[in-house]
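So the structure is just underneath, and the comments pick up after that.
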Amino acid sequence: MVIVITEILIDAPIQQCFDLARDIDIHTQTVWKHTKERAVEGTTSGRIGSGEYVTFQARHFFIKQKLTSKITEYVEPYYFVDQMVKGAFKSLRHEHFFEECNGRTLMKDKLTFEAPFGIIGWITERIVLRPYMKSFLNHRNQQLKILAEKKSK
């Protein structure tokens, strides 16, 4: 099991950041373009909420795959969790934290995942997936920051 933690300070109100982070349309606009990620089932547009699910289809490592996540915990505007219910990982849990800091928002992500395939998966987690997922989250968070700060001006 691997844990990836990221954080970014955004010059925008906490509610705005929270809403952008759970917006499916914004998600597909802020991830890497080469993945061609799109929502194909469940909540496929707008803001996802407590108990709802979404299935994303994307291309990672030249392989088309689907991942279905459900919002399993939700405390607006401070915290939500999307947890994989179906997909390529053995397990995946993504915790989103939002903290108000003098009119700005500290947004933190904690991604916990485990690859299948025993020792091969364990090695792949550490050599390939950890840096890939950290880079993926950092890119998305930077794009969210740009959008949020543009909207709040």
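The values are calculated or read from the model by the stated rules, or taken from the named source; none is laboratory data. Small disclaimer: the values here were computed from a predicted structure and weren't measured. Note that each Cβ is placed from the backbone with ideal geometry, even for glycine, and that neighbours are counted across all protein chains shown.
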*asked:* Just the residues that are assigned to a loop (DSSP other than H, G, I, E, B), more than 15 Å from the chain's Cα centre (by Cα) and more than 25 Å from Glu125 (Cα to Cα), please, taken from region 1-42.
replied: Asp11, Ala12, Pro13
*asked:* Tell me whether region 36-48 contains one or more residues that are surrounded by 17 or more Cβ atoms within 10 Å (Cβ to Cβ), at pLDDT below 95 and not basic (Lys, Arg).
replied: yes
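Can you spot a residue in region 56-65 that is among the aromatic types (Phe, Trp, Tyr), within 29 Å of Phe117 (Cα to Cα) and crowded, with 17+ Cβ neighbours inside 10 Å?
Start the filter on region 56-65 by keeping residues that are among the aromatic types (Phe, Trp, Tyr), which leaves 56, 61-62.
Checking the rest, the ones that are also within 29 Å of Phe117 (Cα to Cα) come to 56, 61-62.
Adding the requirement that they be crowded, with 17+ Cβ neighbours inside 10 Å leaves 56.
Yes.
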*Any hit, region 64-79, residues being in contact (Cβ under 8 Å) with a residue 60 or more places away in the chain, assigned to a helix (DSSP H, G or I) and not acidic (Asp, Glu)*: no
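Search region 93-114 for residues being under 17 Å from Ala21 (Cβ atoms) and among the hydrophobic types (A, V, I, L, M, F, W, C), and hand back the single one that is surrounded by the fewest Cβ atoms within 10 Å (Cβ to Cβ).
So in region 93-114, the residues under 17 Å from Ala21 (Cβ atoms) come out as 93-101, 104-111.
After this cut, where a residue has to be among the hydrophobic types (A, V, I, L, M, F, W, C) as well, the list is 97-98, 101, 106-107, 111.
Numbers: Phe97: 16, Phe98: 21, Cys101: 11, Leu106: 15, Met107: 24, Leu111: 20.
It comes out as Cys101.
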*Is region 78-97 home to any residue that is on the phi < 0 side of the Ramachandran plot and in contact with a Cys (Cβ under 8 Å, 6 or more places away or on another chain)?*
no
*Mind checking whether some residue in region 111-123 is in contact with a Lys or Arg (Cβ under 8 Å, 6 or more places away or on another chain) and under 14 Å from Glu7 (Cβ atoms)?*
yes
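Going through Phe97, Phe80, Phe62 one at a time, which residue ends up being hydrophobic (A, V, I, L, M, F, W, C) and in contact with a helix residue (DSSP H, G or I) (Cβ under 9 Å, 6 or more places away or on another chain)? I'd like the intermediate steps shown before the answer.
Working: Phe97 fails: in contact with a helix residue (DSSP H, G or I) (Cβ under 9 Å, 6 or more places away or on another chain); Phe62 fails: in contact with a helix residue (DSSP H, G or I) (Cβ under 9 Å, 6 or more places away or on another chain).
One residue alone meets the criteria, Phe80.
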